[in-house]
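The values are calculated or read from the model by the stated rules, or taken from the named source; none is laboratory data. What you see is a predicted model, and the numbers here were worked out from it, not measured in a lab. Here the Cβ is made from the backbone with ideal geometry for all residues, glycine too, and neighbour counts use every protein chain on show.
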Amino acid sequence: MPGLRGVEERAIATPFGEPSDAIRVGDLEGRRVAFLARHGRGHRLLPSEIPQQANFWALKSLGVRQVLAVSAVGSLREEYAPGHLVAPDQLIDRTRGDRPSTFFGEGVVAHMAFAEPFCEGLREQALAAAREAGATAHDGGAYVTIEGPAFGTRAESELYRSWGASLVGMTALPEAKLAREAELCYAMLAAVTDYDAWHEAEEAVDATIVMTRLAENVEVSREAVARLAAALDNNPCDCGTGLDAGLVTPPKAIPEEARERLAPILGRRLGAEGA
């Protein structure tokens with residue numbers, strides 16, 4: 001990331017295994033930031049192989065409060081053209097359910113509010129930063145998360161369009177759910193690389209198209225991240241206290257092993273009750 005200064009690499013062991021890669025920590029535009037390649041450097045991990053629990057546990061343990069995900073997506077709308085950026089505001093889960101999507105269980109129960117899966121404040125700031133960076137950036141849209149690694153069929157693409165969805169990709173879930181459980185603000189800048197499989201005048205998506213067009217978007221995406229870092233405010237929102245309403249198990253009933261395993265996740269909530 002150009003402009004990132006004082007870079008250190010942190011290899012963090014977690015109760016959920018190793019993160020996708022070492023986390024690079026440094027200063028960008030006067031703000032302390034952390035970068036994690038979700039697929040690993042060299043793009044080694046399939047979407048279904050990404051150790052998302054470990055990734056978000058590690059980020060939380062470093063003191064991260066806000067997470068901006070940058071992801072390649074296919075567009076389900078004519079006006080969301082390849083080369084554009086989108087700040088989605090909704091999610092539809094079409095994964096198979098094989099991806100671990102919660103930190104909880106084994107003695108701890110929580111049910112998090114998820115009607116609005118993205119942090120609205122961070123989402124709006126990311127959208128503004130993308131536009132200031134010179135991107136054609138769109139506000140809102142439902143992102144359909146598919147299992148992958150294969151791209152979808154034309155019939156699936158048309159089905160998602162009939163639902164009113166705007167984007168299709170493979171990584172937003174369980175990221176957004178785990179971020180919510182970890183009381184982290186989470187937003188996404190989705191880089192449109194293709195029209196998935198529905199557009200009769202365009203080639204159906206393949207990996208070469210995705211990687212080529214993603215590379216073309218790299219500079220504007222980096223500039224958007226830098227501008228967001230410079231302008232980001234720390235105004236509190238509901239993301240940082242989600243467990244106040246979401247945690248069901250009484251703190252005193254949480255087993256010691258679970259407290260240790262989830263220390264970064266539960267620390268604020270348990271500390272607030274002195275439990």
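Kindly check whether there is at least one residue in region 254-272 that is of a type in the set (D, E, K, R) and farther than 26 Å from Ala13 by Cβ. No, because not a single residue in region 254-272 is of a type in the set (D, E, K, R) and farther than 26 Å from Ala13 by Cβ. The residues listed here are Gly134, Gly97; of these, the one that is surrounded by fewer than 18 Cβ atoms within 10 Å (Cβ to Cβ), modelled with pLDDT under 95 and in a loop (DSSP other than H, G, I, E, B) is Gly97.
The residues listed here are Val70, Val64; of these, the one that is among the aliphatic types (A, V, I, L, M), farther than 24 Å from Gly246 by Cα and at pLDDT 95 or above is Val70. Residues in region 1-21 that are crowded, with 16+ Cβ neighbours inside 10 Å and within 21 Å of Ser221 (Cβ to Cβ): Leu4, Ser20, Asp21. Residues of region 57-88 that are among the aliphatic types (A, V, I, L, M) and more than 29 Å from Glu183 (Cα to Cα): Leu76, Ala81.
Taken over region 19-77, the criterion of being in a loop (DSSP other than H, G, I, E, B), more than 12 Å from the chain's Cα centre (by Cα) and within 22 Å of Leu232 (Cα to Cα) is satisfied by Glu29, Gly30, Leu62, Gly63, Val64, Arg65. In region 197-232, the residue that is modelled with the highest pLDDT out of those that are of a type in the set (Gly, Ala, Ser) and farther than 13 Å from Ala126 by Cβ is Ala197. Is there a residue in region 176-186 that is in contact (Cβ under 8 Å) with a residue 40 or more places away in the chain, surrounded by 15 or more Cβ atoms within 10 Å (Cβ to Cβ), assigned to a strand (DSSP E or B) and not β-branched (Val, Ile, Thr)? There is at least one residue in region 176-186 that is in contact (Cβ under 8 Å) with a residue 40 or more places away in the chain, surrounded by 15 or more Cβ atoms within 10 Å (Cβ to Cβ), assigned to a strand (DSSP E or B) and not β-branched (Val, Ile, Thr).
Filtered by the rule that a residue be farther than 18 Å from Leu85 by Cβ and free of Cβ contacts under 8 Å to residues at least 12 places away in the same chain, region 105-163 gives Gly105, Ala115, Ala150, Ala155, Leu159, Ser162. For region 216-247, the tally of residues that are outside any helix (DSSP H, G or I) and surrounded by 12 or more Cβ atoms within 10 Å (Cβ to Cβ) stands at 5.
Per the conditions (1) within 23 Å of the chain's Cα centre (by Cα); (2) surrounded by fewer than 14 Cβ atoms within 10 Å (Cβ to Cβ); (3) at pLDDT 95 or above, the sole criterion not satisfied by Pro250 is (1). Filtering region 145-165 to residues that are part of a loop (DSSP other than H, G, I, E, B) and on the phi < 0 side of the Ramachandran plot leaves Glu147, Pro149, Ala150, Phe151, Gly152, Thr153, Trp163, Ala165. Does Leu46 satisfy the condition of being of a type in the set (A, V, I, L, M, F, W, C) and either surrounded by fewer than 15 Cβ atoms within 10 Å (Cβ to Cβ) or touching a Cys at 6+ places or on another chain (Cβ under 6 Å) (or both)? Considered against the rule, which asks whether it is of a type in the set (A, V, I, L, M, F, W, C) and either surrounded by fewer than 15 Cβ atoms within 10 Å (Cβ to Cβ) or touching a Cys at 6+ places or on another chain (Cβ under 6 Å) (or both), Leu46 comes out as yes. Name the single residue, out of those in region 100-119 being in contact with an Asp or Glu (Cβ under 9 Å, 6 or more places away or on another chain) and under 18 Å from Ser166 (Cα atoms), that is surrounded by the fewest Cβ atoms within 10 Å (Cβ to Cβ). So the residue we want is Glu116.
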